[in-house]
Amino acid sequence: MFRGSHTAEIRAKYPYLLEDRNVKRWYDNLARGSQVTADVYLRRLGSFCEENELTPKTLTSMRTRKLEDLLMDYVSSKEKKYTGSYIQSTVKVVKSWLGHNRLELKRRIKIHGVTDTPSLKEERVPTREELRRIVLSADKQARVASIMIAHSGLRLETLGEYHGRDGLRIRDLPELKIKTGEASFEEVPAMVVVKNNLSKARHQYFSFLSDEGCGYVKDYLDERLRGGERLTGESPLVRPKHAKKDFIRSINIGDLIRKTLRSAGFTWRPYVLRSYFDTQLMLAESKGLVLRDYRQFWMGHRGDIENRYTTNKHRLPQSVIHDMREAYKRSQDYLGTTKPEAGEDQIRQALRKQFLAVAGFTEEEVAKYDLTTMTDEQLHDLVRKRLLGLMTDNGARQRIISLNELEGLIREGWEYVVALPNERAIVKMPF
């Protein structure tokens with residue numbers, strides 16, 4: 001269900017607070033960092049003042065000792081009913097307001113259970129099978145929203161910002177094209193570019209979207225095209241179904257995913273899908289499939305790659321982007337909810353490995369070669385050299401060896417024939 005406008009929702013209960021120019025100044029300063037934080041702080045300050053029959057201005061005129069007593073009494077009155085983290089957040093808001101007015105409390109106010117999160121005790125990262133249940137429980141709109149978080153590591157606010165004025169657009173997926181009434185991807189995994197205004201850390205970065213995710217996006221956009229919507233690069237990737245705004249608000253993205261999670265039988269928060277991305281890529285990292293720096297960059301965290309990307313005005317060498325895409329591709333099996341069918345390249349590579357094994361190559365030796373880029377001629381030449389190396393004594397199929405050599409030659413593919421006197425033996429080639 002679409003929620004009301006920002007003004008109606010946030011300011012309706014405490015409209016008088018922003019009439020105080022000093023409160024407005026404090027609120028605007030907070031909003032420059034985060035609009036969400038500013039609105040939450042305004043509600044908490046209003047609630048605290050209302051409960052204690054005070055105004056923000058009255059608070060600033062109180063003596064330090066009386067303020068400290070007030071906050072300590074507040075903590076005592078709430079600790080049996082509310083969690084420590086909730087109480088601390090209110091105390092933090094009051095201190096923020098006082099700090100804005102150059103008032104600093106000296107006394108340390110202790111709050112029990114600040115780190116307790118009872119509502120999250122049963123929450124955990126979903127398994128691949130559980131993510132599949134979640135995805136299949138969603139309609140096409142919710143499926144795309146869920147997969148963008150679970151497979152690209154995006155935050156909810158990236159798909160649609162707080163006010164619904166901006167969000168991820170079709171052009172932010174450079175390989176996604178709309179032609180002749182159909183959506184298609186020129187390359188997968190597809191790049192997903194997050195603009196700085198949609199990034200929590202306020203810097204631009206990019207991630208990737210899996211083959212599976214690209215399929216869901218295509219299905220969703222094709223449905224919108226069939227419904228008569230005209231899609232361009234500026235169109236939102238996920239749009240509200242009934243609202244007049246083009247972009248969906250982050251709070252509605254949360255509602256969308258939460259409803260899907262409930263339909264699948266889970267009470268988790270929407271952000272558990274982002275934790276899934278982080279956890280699954282940590283597993284891929286442990287197998288040497290992806291670098292930790294890549295994972296951090298894809299999640300929008302600051303680091304060495306982000307510094308380089310920002311310094312170079314959102315450009316990285318093509319070799320680095322290619323390596324990132326290949327690393328993501330190698331890690332897809334850890335993210336995906338469906339096991340992909342063996343492609344033509346995979347089948348060809350498997351046959352080449354078998355061919356080399358028959359020629360006497362060990363698994364360790366095969367692993368040294370890049371079979372995906374090797375030409376047929378190079379492969380034949382490699383096998384020919386191995387066979388010529390085995391063919392000694394003018395092409396004879398049998399060799400007389402010392403018993404000390406026997407174990408090594410057996411591992412190379414030779415067959416034992418018979419033992420000879422003087423600690424010697426005869427071996428032969430298996431072909």
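Numbers for the structure displayed
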quantity	calculated
Pick from the stretch 243-277, criterion among the hydroxyl-bearing types (Ser, Thr, Tyr), within 18 Å of the chain's Cα centre (by Cα) and part of a helix (DSSP H, G or I), ranking: modelled with the lowest pLDDT	250
Failed item, numbered, when residue 73 is tested on (1) at pLDDT below 95; (2) more than 35 Å from the chain's Cα centre (by Cα); (3) among the acidic types (Asp, Glu)	(1)
Only one of 57, 78, 66, 92 that is more than 36 Å from the chain's Cα centre (by Cα), loosely packed, with under 15 Cβ neighbours inside 10 Å and closer than 24 Å to residue 37 by Cα	57
Which listed residue is polar (S, T, N, Q), within 30 Å of residue 292 (Cα to Cα) and modelled with pLDDT of 75 or more, from 354, 349	349
In the stretch 384-422, residue modelled with the highest pLDDT [restricted to those that are part of a loop (DSSP other than H, G, I, E, B) and in contact with a strand residue (DSSP E or B) (Cβ under 6 Å, 6 or more places away or on another chain)]	414
Residue satisfying all of: in the stretch 152-202; among the polar types (S, T, N, Q) and either in contact with a His (Cβ under 6 Å, 6 or more places away or on another chain) or not in a strand (DSSP E or B) (or both); surrounded by the fewest Cβ atoms within 10 Å (Cβ to Cβ) among these	180
Extreme residue, surrounded by the most Cβ atoms within 10 Å (Cβ to Cβ), among residues of the stretch 296-320 that are without any contact (Cβ under 8 Å) to a residue 40 or more places away in the chain and within 22 Å of residue 333 (Cα to Cα)	296
Pairs, first in contact (Cβ under 8 Å) with a residue 40 or more places away in the chain in the stretch 59-81, second of a type outside the set (A, V, I, L, M), C-beta under 7 Å, six or more apart	60/101; 64/106; 68/107
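The values are calculated or read from the model by the stated rules, or taken from the named source; none is laboratory data. Everything numeric in this text was worked out from a predicted model, so none of it was measured. A quick note on method: Cβ atoms are made from the backbone with ideal geometry, for glycine too, and the neighbour counts reach across all protein chains shown.
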